[in-house]
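Comments concern the structure below.
The values are calculated or read from the model by the stated rules, or taken from the named source; none is laboratory data. This structure is a prediction, so every number in the text was calculated from the model and none was measured. Cβ atoms come from the backbone with ideal geometry, glycine included; neighbour counts cover every protein chain shown.
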Amino acid sequence: MNQVLMTATETVVELIERGRRLQRAGTIEQRCQYALDLVEMHLQEENPFRIDECVKLYTEDAIWEAPTRGVSYRGRDEIKKNYLRIFEHTADFAFEPIDRYATPDRVFVDAWVRFRITGDAFDNAPLPIGTKVKMRLLHSFHIRDGLISRENGYEIWQRDSSAQSRS
């Protein structure tokens, strides 16, 4: 298991180094692909076991914001605490990408997200604990110096009626 974690850690470090090289000498196509790869790595590392690797992909002064809930978290530590809270108080998480595209300094990811709220997971959550949620989520990532400097999550919350009918 240590080798798996070491390889994954090296992958994050290598990705960040590739971003630094491309900032200096990459084509626009290479920099767009890097931005997509950075966000893909972020989404893969966005879990309770790999959260430390995930937050390495943010700038020190990064902002994570969910405007529809009126929340904003600043810096790696606050962002990490927010993620840990979500991981602790949700279950049955599923992410279904719809579309994604990039420029060298912006990435947009459109997706469906499904989960069940099991506790105090979200500030200003529009649905109560116990709800099975189906959320349309548009992420807008800002990339600066090869890292995520801002992540805006535009959320459309609804009850997951298909999940409730299967229960």
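Answer yes or no as to whether ASP105 is acidic (Asp, Glu), touching an Asp or Glu at 6+ places or on another chain (Cβ under 9 Å) and either touching a residue at least 40 places away in the same chain (Cβ under 8 Å) or farther than 18 Å from PRO67 by Cα (or both).
no
Looking at the stretch 38-92 only, could you name the residues that are crowded, with 17+ Cβ neighbours inside 10 Å, among the polar types (S, T, N, Q) and closer than 18 Å to GLU14 by Cα? Across the stretch 38-92, the qualifying residue is only THR59. Inspection of the stretch 145-152 identifies no residue that is over 20 Å from VAL55 (Cβ atoms) and either at pLDDT 95 or above or of a type in the set (Gly, Ala, Ser) (or both). The residue list ARG85, ARG106 contains one member that is in contact with a strand residue (DSSP E or B) (Cβ under 7 Å, 6 or more places away or on another chain) and modelled with pLDDT of 95 or more, which is ARG106. In this structure, is THR11 among the polar types (S, T, N, Q), modelled with pLDDT of 90 or more and part of a helix (DSSP H, G or I)? No; evaluated as a whole, the condition is false for this residue. The set of residues from the stretch 58-76 being touching a helix residue (DSSP H, G or I) at 6+ places or on another chain (Cβ under 8 Å) and in a helix (DSSP H, G or I) comprises just one member, ARG76.
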